[in-house]
């Protein structure tokens with residue numbers, strides 16, 4: 001089954017992103033912008049052939065060896081793929097890249113085949129705001145974000161595993177290590 005491992009955020013960051021989701025849904029006149037059933041997140045890994053047990057093992061290993069990561073969402077961008085996705089783009093830090101690489105290594109060590117977009121070196125970290133979108137809706141959504149979005153600083157505080165389509169949370173665990181100075 002298609003599953004992902006993702007980072008979830010502190011309550012303030014999650015609330016700000018949910019507010020942006022609601023604003024975009026109203027702007028686009030749609031309730032189906034693709035994210036209502038799951039929490040705001042940054043996906044670290046995606047695989048179409050991962051069991052719930054393997055997902056939990058990866059998630060637990062990653063969470064146990066990771067400190068909360070500061071994230072700074074400074075820009076809005078889009079994937080111009082057929083799905084049409086507008087997203088917040090976090091500033092890429094060495095900690096974020098190291099965490100994604102460690103997640104991929106844990107998955108590879110368990111024989112998980114990682115989707116190409118989520119392989120180290122190909123991964124584009126992002127927090128989806130709306131999808132699927134037409135070209136016109138991508139333009140409307142990015143214009144609205146330009147009008148209302150202010151850079152957002154927050155923390156990734158948990159690692160979660162979800163089953164995709166329909167989305168359902170499998171498990172989630174707080175990041176275990178103390179904040180690094």
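The values are calculated or read from the model by the stated rules, or taken from the named source; none is laboratory data. Here the structure is a predicted model, which means the values were calculated and not measured. Counting neighbours? That spans all protein chains shown, and the Cβs are built from the backbone with ideal geometry, glycine included.
Being part of a helix (DSSP H, G or I) and either modelled with pLDDT under 95 or over 15 Å from the mean Cα position of the chain (by Cα) (or both), is that true of even one residue in segment 119-129? Scanning segment 119-129, I find no residue that is part of a helix (DSSP H, G or I) and either modelled with pLDDT under 95 or over 15 Å from the mean Cα position of the chain (by Cα) (or both), so the answer is no. Of all residues being surrounded by 14 or more Cβ atoms within 10 Å (Cβ to Cβ) and more than 20 Å from residue 157 (Cα to Cα) in segment 28-38, which is farthest from the chain's Cα centre (by Cα)? Just the residue, please. Ranking the qualifying residues of segment 28-38, first place goes to 28. So is residue 67 more than 13 Å from the chain's Cα centre (by Cα) and assigned to a loop (DSSP other than H, G, I, E, B) or not? In short, yes. State whether one or more residues within segment 45-58 are surrounded by fewer than 13 Cβ atoms within 10 Å (Cβ to Cβ) and not in a loop (DSSP other than H, G, I, E, B). There is at least one residue in segment 45-58 that is surrounded by fewer than 13 Cβ atoms within 10 Å (Cβ to Cβ) and not in a loop (DSSP other than H, G, I, E, B). Apart from one condition, residue 41 fits all of (1) closer than 12 Å to residue 127 by Cα; (2) exposed (fewer than 13 other Cβ atoms within 10 Å of the Cβ); the exception is (2). Hey, among 70, 95, 74, 83, which residue is out of contact with any strand residue (DSSP E or B) (no Cβ under 9 Å at 6 or more places or on another chain) and either surrounded by 14 or more Cβ atoms within 10 Å (Cβ to Cβ) or under 23 Å from residue 25 (Cα atoms) (or both)? Going through 70, 95, 74, 83 in turn, just one is out of contact with any strand residue (DSSP E or B) (no Cβ under 9 Å at 6 or more places or on another chain) and either surrounded by 14 or more Cβ atoms within 10 Å (Cβ to Cβ) or under 23 Å from residue 25 (Cα atoms) (or both): 83. Taking the criterion of being closer than 30 Å to residue 135 by Cβ and either in contact (Cβ under 8 Å) with a residue 60 or more places away in the chain or part of a helix (DSSP H, G or I) (or both), the residues of segment 82-107 that qualify are 86, 88, 96, 100. Scanning segment 121-142 for residues that are under 16 Å from residue 46 (Cα atoms) and surrounded by 15 or more Cβ atoms within 10 Å (Cβ to Cβ) yields 123, 125, 126, 127, 128. The single condition among (1) within 16 Å of the chain's Cα centre (by Cα); (2) at pLDDT below 95; (3) surrounded by fewer than 16 Cβ atoms within 10 Å (Cβ to Cβ) that residue 1 does not meet is (1).
Scanning segment 110-120 for residues that are surrounded by fewer than 14 Cβ atoms within 10 Å (Cβ to Cβ) and out of contact with any helix residue (DSSP H, G or I) (no Cβ under 9 Å at 6 or more places or on another chain), we see that the one that is farthest from residue 78 (Cα to Cα) is 116.
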